[in-house]
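The values are calculated or read from the model by the stated rules, or taken from the named source; none is laboratory data. The structure displayed is predicted, hence computed values, not measured ones. Neighbour counts run over all protein chains shown; Cβ positions are idealised from the backbone, glycine included.
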Amino acid sequence: MTEHVFVKVNPQDYRPVFHSKAIRDDFNYGLAQIKKNGRFKAIYDKYLQK
């Protein structure tokens, strides 16, 4: 499995930085899929809801 670094070294600046359009597109596709199937909300609720 290939591991890709997608955030800057500064831990306070967590915005994704993609140096490859293909990796960016794969990330966006995966994000869209987990939003569509409800997994994103489950993760959000687990970690960010009180």
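Things to note:
Residue-by-condition table, conditions (1) within 14 Å of the chain's Cα centre (by Cα); (2) outside any helix (DSSP H, G or I); (3) modelled with pLDDT of 90 or more:
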{"residue": "Thr2", "(1), (2), (3)": "no, yes, no"}
{"residue": "Phe18", "(1), (2), (3)": "yes, yes, no"}
{"residue": "Ala22", "(1), (2), (3)": "no, no, yes"}
{"residue": "Lys35", "(1), (2), (3)": "yes, no, yes"}
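- Subset of segment 37-50 that is closer than 25 Å to Thr2 by Cβ and surrounded by 11 or more Cβ atoms within 10 Å (Cβ to Cβ) - its residue that is modelled with the lowest pLDDT: Ile43
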